[in-house]
Amino acid sequence: MSENRRKGLALVQQLWGAIPPLANDPSPLIGETVEHLFGQIWQREVLKGEQRSFATVAILIALNRETELRQHIAAARRLGHSDETIEELILHVAVYAGWPCGIAALRVLRELQNASGAST
């Protein structure tokens with residue numbers, strides 16, 4: 001196993017608490033995701049993981065990618081971002097990316113809160 005793959009898998013586990021079965025899929029896309037995205041890009045020193053996580057959530061809100069947003073909001077919460085901070089980010093991004101993107105993101109956050117028993 002390459003060093004970048006090892007680092008990538010360790011980060012995936014940190015973000016989501018477990019290594020999802022998809023991380024071991026033999027697809028070149030998944031391999032690059034683990035080795036390059038999480039094993040190299042997320043490992044760079046200028047931005048901390050919490051900052052990269054917050055930026056990723058903002059981008060996914062703006063792109064209205066609910067499936068990936070659900071995963072990355074969960075990871076952001078795991079890294080210590082409060083629901084209040086995430087909700088403020090949603091509002092901020094909605095102003096620039098469009099209200100429907102914000103409403104969709106808020107719905108995702110509420111679903112995650114309900115699933116974890118967190119208050120809204």
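Annotations for the structure displayed:
- Equivalent-ellipsoid semi-axes for the chain (Cα gyration tensor, √(5λ), whole Å, largest first): 26, 15, 14.
- Once all protein chains are placed together, Phe38 keeps about 10 Å² accessible to a 1.4 angstrom probe.
- With Cα atoms, 0 to 90° folded angle of helix 3-16 axis to the chain main axis: 30 degrees
- Estimated FRET transfer efficiency when R0 is 30 angstrom, pair Val95-Lys48 (beta carbons, to 0.05): 0.75
- Helix 49-63 axis, angle to the chain major axis (alpha carbon atoms, nearest 10°): 60 degrees
- Stretchable slack from Ala55 to Thr85, in nm (0.36 nm times residue separation minus alpha-carbon distance): 9.5 nm
- Kirkwood-type radius of segment 10-68, with distances r between different C-alpha atoms, in Å: 12.4 Å
- Prolate is the label for segment 57-120. Its Cα gyration tensor axes, ordered a ≥ b ≥ c, give a/c of at least 1.5 and a/b above b/c.
- Average accessible area per residue (Å²) across the chain - probe 1.4 Å, nucleic acids and ligands excluded: 60 Å²
- With each label modelled as a point 7 angstrom along the Cα→C-beta vector, the Met1-Ala18 pair spans 1.7 nm.
- Apportionment of accessible area to carbon and sulfur, segment 18-66, percent (1.4 Å): 61 percent
- Helix 66-78 and the longest principal axis of the Cα set of the chain meet at an angle near 80°.
The values are calculated or read from the model by the stated rules, or taken from the named source; none is laboratory data. Computed from a predicted structure; not experimentally measured. Please note: Cβ atoms are built from the backbone with ideal geometry, for glycine as well, and neighbour counts cover all protein chains shown. Protein only, heavy atoms only, side chains kept; ligands, DNA and RNA dropped before computing areas. Shrake-Rupley method; radii C 1.70, N 1.55, O 1.52, S 1.80 Å.
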